[in-house]
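*Asks:* Below are the structure tokens for one structure; questions will follow.
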Amino acid sequence: MKKLSLKLDEYLPLREVVFNALRQAIIEGEFQPGERLMEVTLANKLGVSRTPVREAIRMLELEGLVVMVPRKGAEVAKITVKDLKDALEVRMAMEALSVRLACERIDDKGKEELKTACIKFKEAINSKLVPAIVEGDEAFHNVIYKASKNNKLINITQNLREQVYRYRVEYVKDFLYHDNLVREHDLITMAILKGDADTAEKIMKEHIYNQEQIVIKNVTNAE
């Protein structure tokens, strides 16, 4: 049985609590692409009726994380090359802008946060634990977003977070790429600390492109 539990919140309707639990399980890979989501099984596991599970599945469908298949029911949406490219095209544009702005606007506190995030990411890589590596990678990029000091940009990147999370898990699972990840983070950090916006943007674009190629390879091999 999948690791699945509810984090009850007195301010949220039950359907949203179930929705959050299922969404987290999907983006963290507890449910595999193409895996069926059985209402009765999920309801029993979560200790709720089928109604909030059914409503949560509909919400997941609207987010594109679940698809309804005729005569089969709900399935976890498969990661397609088209979806990947769409998401990472947007991410590349936002990352390029954020790193350029960070070079211009980062302050001393931001520089210390960036150096700390870079070190913690290396520690996560050394742990060989995928959840820790994903968290470290996300934290590193969040420091750069914050250093851009553009609240609109920060909000947009947060809205894309869940869609990018599935792909982030996919590329950090490729342990052969970990040395490159560390190297790219180091180069991005050095460029920002020097205020070299052109170099920082160039490396960031290569960083996102390399991730795209890894996930495309993994998705293609899984088909």
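The values are calculated or read from the model by the stated rules, or taken from the named source; none is laboratory data. Values in this document were obtained by computation on a predicted structure and should not be read as measured data. So basically every Cβ, Gly included, is an ideal-geometry build from the backbone, and we count neighbours across all protein chains shown. Quick note on the areas: whole protein, heavy atoms, side chains included, nothing else; ligands and nucleic acids left out. Shrake-Rupley method; radii C 1.70, N 1.55, O 1.52, S 1.80 Å.
*Asks:* In Å², and per residue, what accessible area does the chain have when probed at 1.4 Å with the other protein chains present?
*Replies:* 54 Å²
*Asks:* Follow-up. By its C-alpha gyration tensor, with a ≥ b ≥ c as the square roots of the eigenvalues, how is the chain shaped: rounded for a/c under 1.5, else prolate for a/b larger than b/c, else oblate?
*Replies:* Cα axes put the chain in the prolate bin.
*Asks:* I'd like the carbon and sulfur percentage of the solvent accessible area for the chain, probe radius 1.4 Å, heavy atoms only, ligands and nucleic acids excluded.
*Replies:* Answer for the chain: carbon and sulfur cover 52 percent of the accessible area.
*Asks:* Please state the relative contact order of the chain as a whole percent: Cα pairs under 8 Å, 6+ residues apart?
*Replies:* Working: 243 pairs, mean separation 49.6, N = 223.
Result for the chain is 22 percent.
*Asks:* If a/c stays under 1.5 just call it rounded; otherwise compare a/b with b/c (prolate if a/b is bigger, oblate if not). Do that for region 18-92, with a ≥ b ≥ c from the square roots of the Cα gyration tensor eigenvalues.
*Replies:* Prolate is the answer for region 18-92, as a/c is 1.5 or above and a/b outweighs b/c.
*Asks:* Same structure, new question: Select from region 5-57 those GluC sites (Glu not before Pro) which occupy a DSSP coil region and have at most 10 other Cβ atoms within 10 Å, ordered by residue number.
*Replies:* Passing both the DSSP loop test and the Cβ count: E10.
*Asks:* Let me ask another. Hey, can you list the DSSP H helices of the chain whose Cα span along the axis is 15 Å or longer and whose average Kyte-Doolittle score is at least -0.5?
*Replies:* The answer, listed by residue number, is 14-27, 50-63, 81-105, 130-148, 178-194.
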